[in-house]
Amino acid sequence: MILPYHTTDSSKKEQVAQMFDNISPRYDLLNRILSLGIDVYWRKKAVSKLKKGQDQEILDIATGTADFAISIYENLKPKRIVGVDISEGMLAIGREKIRKQHYNEYISLQTGDSENLPFESETFGAVTAAFGVRNFENLEKGLSEMYRVLKKGSKIVILEFSQPESFPFKQLYFFYFQYILPFLGKLVSKDNRAYTYLPESVKAFPYGKDFVQILEKTGFKNLQCETLTFGIASIYVGEKK
């Protein structure tokens, strides 16, 4: 198991929460710098996989500073979006963004464990996650919870890092991820481990066909995987039948 911090005895959940609390003040800035702003396009592309519906209630897992939840609302105008995250530091920044944009009536954020969601089964018309499932302590348990709270006939949309496989982009990508990104992340966030953990967690994550098989095992049907930007990220779409 890949952990943010190797020197403590706390669980992965606790360490992930601590890490995101530590980097939350600079998280959005670093995202834009380190991805050259392309993460905004990735989120919009993922949102386009959802069906527009005024009465739809959507759950955004590992919502962080609410960028994905806000993008969903601005593009689809659903009735309600609930964002859940284990980092109160990230949620505090997300709530401030929502307040400034006067979206409080439509988007609410709450502290919660994605592997033990505090919702009734079949509550939501869509469940989403952007760059969050990679941090689950128990991936299959977290996905099973997402399946449980999703209504029958509804979609799950997951945006997550993957790995380029073609030359020379694969080599350039790993050089950037292994050396440049941790240096810049440490410089700006002041957390020595956060942006070393990122490439480690991406490298360990079962992307592409392997992740699709896990989603299938969880119960999702009609699964699709679309790679973005030479394979740096991928969008996974599935349905609960």
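Calculate, axis by axis, the spread of Cα positions in region 1-87 along the three principal axes, and write the results as whole Å, longest axis first.
For region 1-87, the Cα extents along the three principal axes come out at 47, 28, 23 Å.
Report, in whole Å, the centroid distance computed from the Cα atoms of region 1-63 and region 189-222.
The distance from the Cα centre of region 1-63 to that of region 189-222 comes to 12 Å.
How do Phe177, Phe167, Phe183 rank by accessible surface area computed with a 1.4 Å probe, from largest to smallest? Intermediate values should be presented prior to the final figure.
On the way: Phe177 15, Phe167 165, Phe183 125 Å².
I get Phe167, Phe183, Phe177, largest accessible area first.
Rounded if a/c is under 1.5, else prolate if a/b is larger than b/c, else oblate: which is the chain, with a ≥ b ≥ c the root eigenvalues of its Cα gyration tensor? Intermediate results must be reported in sequence, preceding the final value.
Details: a/c = 1.44, a/b = 1.24, b/c = 1.16.
Cα axes put the chain in the rounded bin.
Where the only charges are on Cβ atoms (+1 Lys, Arg; -1 Asp, Glu), what is the dipole of region 106-241 about its Cα centre, to the nearest 20 debye?
Details: 16 positive and 15 negative charges, 33 e Å.
Its charge dipole is roughly 160 debye.
How much solvent-accessible surface does Phe136 expose, in Å² to the nearest 10, with a 1.4 Å probe and all protein chains in place?
My reading of the accessible area for Phe136 is about 20 Å².
Once you charge only the Cβ atoms, +1 for Lys and Arg and -1 for Asp and Glu, what is the size of the charge dipole of the chain about its Cα centre, to the nearest 20 debye? Can you show the working numbers first?
Numbers: 33 positive and 29 negative charges, 145 e Å.
Computed charge dipole of the chain: roughly 700 debye.
Could you tally the net charge around Tyr197, taking each other residue with its Cβ under 13 Å from the Cβ of Tyr197, Lys/Arg +1 and Asp/Glu -1?
Values: positive: Lys12, Arg134, Lys186, Arg193, Lys203; negative: Asp191, Glu200.
Net charge around Tyr197: +3.
Ignoring ligands, DNA and RNA, what percent of the accessible area of the chain is carbon or sulfur (1.4 Å)? Intermediate results must be reported in sequence, preceding the final value.
On the way: 6060 of 11420 Å².
Accessible surface attributable to carbon and sulfur in the chain totals 53 percent.
For Ala17, what charge total do you get from the other residues with a beta carbon under 9 Å from its beta carbon, if Lys and Arg give +1 and Asp and Glu give -1? Don't skip to the end; give the middle numbers.
Values: positive: Lys13; negative: Glu14, Asp21, Asp85, Glu88.
Every neighbour counted, the sum reads -3.
Quick one: if the Förster radius is 41 Å, what FRET efficiency do Lys51 and Phe167 give, using the C-beta to C-beta distance and rounding to 0.05?
On the way: r = 38 Å, r/R0 = 0.92.
FRET efficiency, Lys51 to Phe167: 0.60.
If I stretch the segment between Lys203 and Phe119 completely, what's the gain in nm (0.36 nm per residue apart, minus their alpha carbon distance), one decimal? Please report the intermediate quantities before stating the final value.
Details: separation 84, 0.36 × 84 = 30.24 nm, distance 3.18 nm.
Length gained, Lys203 through Phe119: 27.1 nm.
When the helices in the chain are scored as -39500 (n - 2.57) per DSSP H run of 4 or longer and the sum is shared across all residues, what 222 nm value do you end up with, to the nearest 500 deg cm²/dmol? Show your work: numbers first, answer last.
Values: 10 runs with 101 residues, N = 241.
Roughly -12500 deg cm²/dmol at 222 nm, from the helical runs in the chain.
By the scheme Lys and Arg +1, Asp and Glu -1, what is the net charge of all other residues having a beta-carbon under 12 Å from that of Lys209?
Values: positive: none; negative: Glu165, Asp210, Glu216.
That works out to -3.
Determine the order of Leu76, Leu36, Leu139, Leu29 by accessible area, beginning with the largest, at a probe radius of 1.4 Å. Intermediate results must be reported in sequence, preceding the final value.
Numbers: Leu76 10, Leu36 155, Leu139 35, Leu29 90 Å².
From most exposed to least exposed: Leu36, Leu29, Leu139, Leu76.
Going down the list Lys152/Lys203; Lys44/Lys155; Lys13/Lys51; Lys12/Lys100; Lys217/Lys241; Lys12/Lys240, which pairs span over 24 Å between their C-alpha atoms? Don't skip to the end; give the middle numbers.
Working: Lys152/Lys203 33 Å; Lys44/Lys155 16 Å; Lys13/Lys51 32 Å; Lys12/Lys100 33 Å; Lys217/Lys241 14 Å; Lys12/Lys240 28 Å.
Cα-Cα > 24 Å for Lys152/Lys203; Lys13/Lys51; Lys12/Lys100; Lys12/Lys240; rest within.
Determine the dipole magnitude for region 155-223: charges of +1 sit on the beta-carbon of Lys and Arg, -1 on that of Asp and Glu, nothing else is charged, the reference point is the Cα centre, and the result goes in debye to the nearest 20.
Details: 9 positive and 6 negative charges, 20 e Å.
Dipole magnitude for region 155-223 comes out near 100 debye.
Would you please classify the overall shape of region 148-218 from the alpha carbon gyration tensor, given that a ≥ b ≥ c denote the square roots of the eigenvalues, rounded means a/c under 1.5, and beyond that prolate means a/b larger than b/c while oblate covers the rest? Mind showing how you got there, number by number?
Details: a/c = 3.19, a/b = 1.71, b/c = 1.86.
In terms of gyration-tensor shape, oblate.
The values are calculated or read from the model by the stated rules, or taken from the named source; none is laboratory data. Just so you know, these numbers come straight off a predicted model, no measurement behind them. Glycine gets a Cβ as well: all are built from the backbone with ideal geometry, and neighbour counts include every protein chain shown. Surface accessibility is based on the protein's heavy atoms, side chains included, excluding ligands, DNA and RNA. Shrake-Rupley method; radii C 1.70, N 1.55, O 1.52, S 1.80 Å.
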